[in-house]
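Shown next, in structure tokens, is the structure this report addresses.
No lab work stands behind these numbers, since they all come straight from the coordinates. Computed from a predicted structure; not experimentally measured. With ideal geometry, Cβ positions are generated from the backbone for all residues, glycine too; neighbour counts draw on all protein chains shown.
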Amino acid sequence: MENNYPQTANGRKWHHVRRFVHVLLSIAALYYWFPDPLVPGFPKWYLLVIGLAIIAILEILRFRKRVKLPWTRPYEEGRVAAHSYAALGATIVLILAPPIIGAPAIVGMACADPVAGELRHHKRPGWLVRLTTGIVYGLIAFTIMMLISSDFPVVLLLTIIKSIVAVISENPDYRYFDDDFTMIAFPALAGYVTLALMLMTQV
């Protein structure tokens, strides 16, 4: 969701900080290449659950104490913050989806959603926002999947499907669900279903 800060020096500062942190979420995809277990008796998925629990606790404290954080946008003061939605989506996908599905979903959202936000911030037409978002997401997803798999037709099909779903999922008007979640979860689900159907037809 896009709701820009006031055009003050402090507002612009936090605007850029949020954009940077958003892109930084891409590093979560490295989880796939962590050793499992991380240490004996500590499966790597524990790390995801612990991280998500910490974020949830901080969100509960924010609501209970009515804390107004400087980087929180006005629309987030009465609901779960966008970064928490992103963490939830990334955690679900990292646990359930294989790398070829999950990694591009996470990195694609982390990079394409800020592009869409910046275009809206500068009052660009809706069709241009959607087209640019799809191209950026598609290029990122295609590159990552080609690094994982050399099956070009499969990668191309997954890229097209996931890019279309990502553009549809990038909706600034969701009230209770943030597109930081939907842009991870929905393309990943679409890719997972597509891959499963392709494998079933080959049996």
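Couple of notes before you dig in:
- Sub-6 Å Cβ pairs linking a first residue in segment 51-64 that is part of a helix (DSSP H, G or I) to a second residue that is polar (S, T, N, Q), at least 6 apart or interchain, are LEU52/THR91; ILE55/SER84; GLU59/SER84, ordered by first then second residue.
- Some residue of segment 69-92 being among the charged types (D, E, K, R) and either surrounded by fewer than 12 Cβ atoms within 10 Å (Cβ to Cβ) or in contact with a Pro (Cβ under 6 Å, 6 or more places away or on another chain) (or both): no
- Verdict on LEU195 being of a type in the set (A, V, I, L, M), free of Cβ contacts under 8 Å to residues at least 60 places away in the same chain and part of a helix (DSSP H, G or I): no
- A Cβ distance below 8 Å, combined with a sequence gap of six or more or placement on separate chains, defines the contacts here; from segment 116-127, residues that are touching a residue at least 40 places away in the same chain (Cβ under 8 Å) reach residues that are polar (S, T, N, Q) and outside any loop (DSSP other than H, G, I, E, B) in the pairs ALA116/THR132; ALA116/THR133.
- Count of residues meeting criterion [loosely packed, with under 15 Cβ neighbours inside 10 Å, touching a residue at least 12 places away in the same chain (Cβ under 8 Å) and hydrophobic (A, V, I, L, M, F, W, C)] in segment 136-159: 1
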